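Taking it in order: structure first as structure tokens, then the write-up.
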Amino acid sequence: EGLPAPAPPLPAPKRLRAPPAWPRSLALTDLGLGRLPMRKGSGGSGAGDAAAGMPAAADMSDPPGASGWDQGGGLWRLQSSHVAVHGQSRGKVDWASGIRRTWSVGEEGAQAALAAFVESGAVLRFGGRQRFRADEAATAAISPHLRFGEISSRQVLHAVQAASGDGGGGDDGGSGRCGAFLRRLAWRDLAYWALWRFPSLPSAPFRPWFEHQRWSYDQQALHAWQAGATGYPLVDAAMRQLWATGWIPNYLRHVVASFLIEYLNLDWRHGLRWFDYTLVDADVAINAFMWQNGGHSGFDQWNFVMHPVYAAKSCDPDGAYVRQWIPALAPLPAEYIHCPWDAPFALRAASRLVLGRDYPARILTGLEAARRDSHAAVMEVRRGPAKDNVLPSGHEWLELDSGRRVCLITREDYREGTVGRDGELISGDRVVTRQTADLKRDPRRRERTDTAARAMAYALGEHARGRC
């Protein structure tokens, strides 16, 4: 508030002087980063995965979305044919091929991505729920270009303002119809400031009492999450897109993070490390800032939890996104594509879908019980190590190294003894924040499509018409 508007973008340099002497540099091969991993059983030593930095524990050398599955040793292992890529020897895995196909590296690619976002009108729809859609080009895919300096934030700011017709004026700093997008652009700088001010953010909870939180140590669940093999199609489709392209939309980052933390009860630092490993826009400041908030220990706890099925109503209502990344589920209708275990047996048979063979069975079936356990783990901290840091409002406070005390926004569910938005007293033992189902994904309300249900509906209709 009261700050001047950012200056216009700087003009492009007309020429750049070469340094008197270029610094000595090592090639990728010298650093051991250029070696491609070998598929196991393809004649290699089997050590190629580790040498190339691939996560061998979950056998992630093949891109998710490959043709088949093999449940061996309790872990889902993605399979694909051993085809030579770009003339390489048989059995080598060109794990970056999807990334190269997806992104146009360099300033020209950055300008093209920004122009596509602005000229398509997506920037003007960003303020509504349209930006949540994963099955459409509804968001700006410019984060890798910003991350590597191929485009400046000032260029983005002024291009967006020009598209909205605000021209940098107005009481809101020129955000106008594009305010939602520009606020997210500003959060990038907030994350940079946060890391500069609190350099331990990537490794330690900002709210130090959450170092005592009870987490699960289920390695198989973590590997399934990383591999896109949890049995929850929306989560798995996102994790497979992440592995194949190095990127997923922001809404789906929240979906997969919620599943890891709120349902699997796995430490948020596992998610941070995996995102740092797989994202082409990986940024330690933004990663740490967002995962801390999602993991309950950051500046501002997320006041929402994405449901692994119901979240689809906003981002993939008809199942097109899941069909793209999980072809085995493509024949299922929208009512069942995000919850194939609910599909009638006849429908799954007609779709040639066997859960546990063509697509993984769920690693977790009791979602509500899992939520309650994760909730209880947080309340154990608040009633124990954090009890002296809980304010009468239910929020938490922290004394900084400067001696100043700051209030930390805390999710409504945890503000024990206060009154919630529904007017009810919050007990601390009840999950309040939840995502609800729409008609398609609510098993109690959606139309049944199995043979018996259709026969019953037909008979009732005939009876109503007086024909029987």
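The values are calculated or read from the model by the stated rules, or taken from the named source; none is laboratory data. All of these numbers come straight from a predicted model, not from anything done at the bench. Methodologically, a virtual Cβ is constructed for each residue, glycine included, from the backbone with ideal geometry; neighbour enumeration extends over all protein chains shown. Just so you know, the surface numbers come from the protein's heavy atoms only, side chains and all, with ligands and any DNA or RNA stripped out. Shrake-Rupley method; radii C 1.70, N 1.55, O 1.52, S 1.80 Å.
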For this session: Could you name every one of the helices (runs of 4 or more DSSP H) located completely within segment 311-378 that has at least 2 residues being open to solvent by 40 Å² or more (accessible area, probe 1.4 Å)?
Result: 320-325, 345-350
For this session: For ARG405, indicate whether it is closer than 24 Å to ASN250 by Cα, basic (Lys, Arg) and free of Cβ contacts under 8 Å to residues at least 60 places away in the same chain.
Result: no
Exercise. When you look at ALA237, is it within 18 Å of THR102 (Cα to Cα), in a helix (DSSP H, G or I) and either open to solvent by less than 10 Å² (accessible area, probe 1.4 Å) or modelled with pLDDT under 95 (or both), yes or no?
Worked result: yes
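If only one of SER374, SER402 is modelled with pLDDT under 95 and among the polar types (S, T, N, Q), which one is it?
On the way: SER374 fails: modelled with pLDDT under 95.
Selected residue: SER402, the only one of SER374, SER402 that is modelled with pLDDT under 95 and among the polar types (S, T, N, Q).
Do we find that THR139 is in contact (Cβ under 8 Å) with a residue 24 or more places away in the chain, out of contact with any strand residue (DSSP E or B) (no Cβ under 9 Å at 6 or more places or on another chain) and open to solvent by 50 Å² or more (accessible area, probe 1.4 Å) in this structure?
Taking the combined requirement at face value, the residue does not satisfy it.
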For this session: Determine which member of the set ARG421, ARG467, ARG434 is within 20 Å of ALA370 (Cα to Cα), modelled with pLDDT under 90 and open to solvent by 100 Å² or more (accessible area, probe 1.4 Å).
Result: ARG434
For this session: Report yes if some residue within segment 73-87 is closer than 30 Å to ARG323 by Cβ, at pLDDT below 80 and either in a helix (DSSP H, G or I) or touching a Gly at 6+ places or on another chain (Cβ under 7 Å) (or both); otherwise report no.
Result: yes
Exercise. Does segment 159-187 hold any residues that are at pLDDT below 75 and loosely packed, with under 15 Cβ neighbours inside 10 Å, and which are they?
Worked result: GLY167, GLY169, GLY170, ASP171, ASP172
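Which of the residues belonging to segment 290-307 are open to solvent by less than 40 Å² (accessible area, probe 1.4 Å) and either aliphatic (A, V, I, L, M) or more than 20 Å from ARG131 (Cβ to Cβ) (or both)?
Of the residues in segment 290-307, the ones open to solvent by less than 40 Å² (accessible area, probe 1.4 Å) are 291-298, 301-302, 305-307.
Scanning segment 290-307 gives TRP291, GLN292, GLY295, HIS296, SER297, GLY298, GLN301, VAL305, MET306.
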For this session: Count, please, the residues in segment 404-444 that happen to be over 21 Å from PHE210 (Cβ atoms) and among the aliphatic types (A, V, I, L, M).
Result: 4
